[in-house]
1. So the check is Cβ under 8 Å with 6+ separation or different chains; which pairs have a first residue in segment 94-108 that's farther than 12 Å from Tyr57 by Cα and of a type in the set (A, V, I, L, M, F, W, C) and a second one that's part of a strand (DSSP E or B) and more than 8 Å from the ligand (Cβ to nearest atom)?
2. Check Thr88, Thr83 and return the single one that is buried (at least 16 other Cβ atoms within 10 Å of the Cβ), of a type outside the set (A, V, I, L, M, F, W, C) and under 21 Å from Gly28 (Cβ atoms).
3. Mind listing whichever residues of segment 1-13 are among the aliphatic types (A, V, I, L, M) and in a loop (DSSP other than H, G, I, E, B)?
4. Residue check, Asp74 against (1) of a type in the set (Asp, Glu); (2) farther than 23 Å from Ser107 by Cα; (3) touching a strand residue (DSSP E or B) at 6+ places or on another chain (Cβ under 6 Å), all met but one. Which one?
5. Of all residues in segment 1-26, which are closer than 19 Å to Asn78 by Cα, buried (at least 18 other Cβ atoms within 10 Å of the Cβ) and not aliphatic (A, V, I, L, M)?
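Bear in mind that the values in this text are calculations on the coordinates, not laboratory data. On a predicted model such as this, the values are computed, not experimentally measured, just so you know. Counting neighbours? That spans all protein chains shown, and the Cβs are built from the backbone with ideal geometry, glycine included.
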Amino acid sequence: MAQANLSKVHPTLRKVAANLPKVSRARGYEVRVTSGYRSYATQKKLYLDYINGRSLYPANPPGQSMHEKGLAIDVVSNNESDTVALLTSIGLIWAGPEDPIHFQMPSKTAVGGSGTKKVAAAQVVVTPAKKKKSVAKKILSAASWVPGPIGWGASILDFIF
Ligand SMILES: [Zn+2]
């Protein structure tokens with residue numbers, strides 16, 4: 001698969017993509033970001049591959065993908081459940097088992113915004129019934145989520161911010 005195009009993705013996703021390999025390695029597994037920004041032409045090719053049975057992973061029709069807006073990344077992992085837990089804990093939306101590698105920004109952040117604080121805040125807006133925690137509390141719980149070797153705290157904070 002071609003190198004993911006991360007130059008045109010949302011700054012938060014770019015940071016997540018840059019730090020995720022290090023964070024996942026510290027947690028004992030490997031990830032690879034396989035897709036970031038896609039042009040209309042690329043999306044069209046992936047969609048045709050999918051509907052013609054040449055790709056395992058679903059692709060929306062061209063013009064209808066969050067990848068074309070720079071608001072989604074695809075992450076292949078050999079520990080899917082932990083990857084999902086990690087990325088959703090910082091506010092990204094997982095597409096679910098139908099498209100298990102797809103993670104995207106909450107729709108409320110579609111225009112502007114950068115940084116996980118806004119992602120987390122937007123998540124609260126998107127699902128008010130489920131997410132009542134303050135941003136600070138959310139970040140604290142993510143930072144202390146998994147015990148690890150000395151230095152872990154620093155790397156998870158790098159990841160979050
Ligand atoms: Zn995707």
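1. Phe103/Val75; Phe103/Ile93; Phe103/Trp94; Met105/Ile93
2. Thr83
3. If the condition is that a residue be among the aliphatic types (A, V, I, L, M) and in a loop (DSSP other than H, G, I, E, B), then Met1, Ala2, Ala4, Leu6, Val9 are the ones that fit.
4. (2)
5. Result: Ser24, single match.
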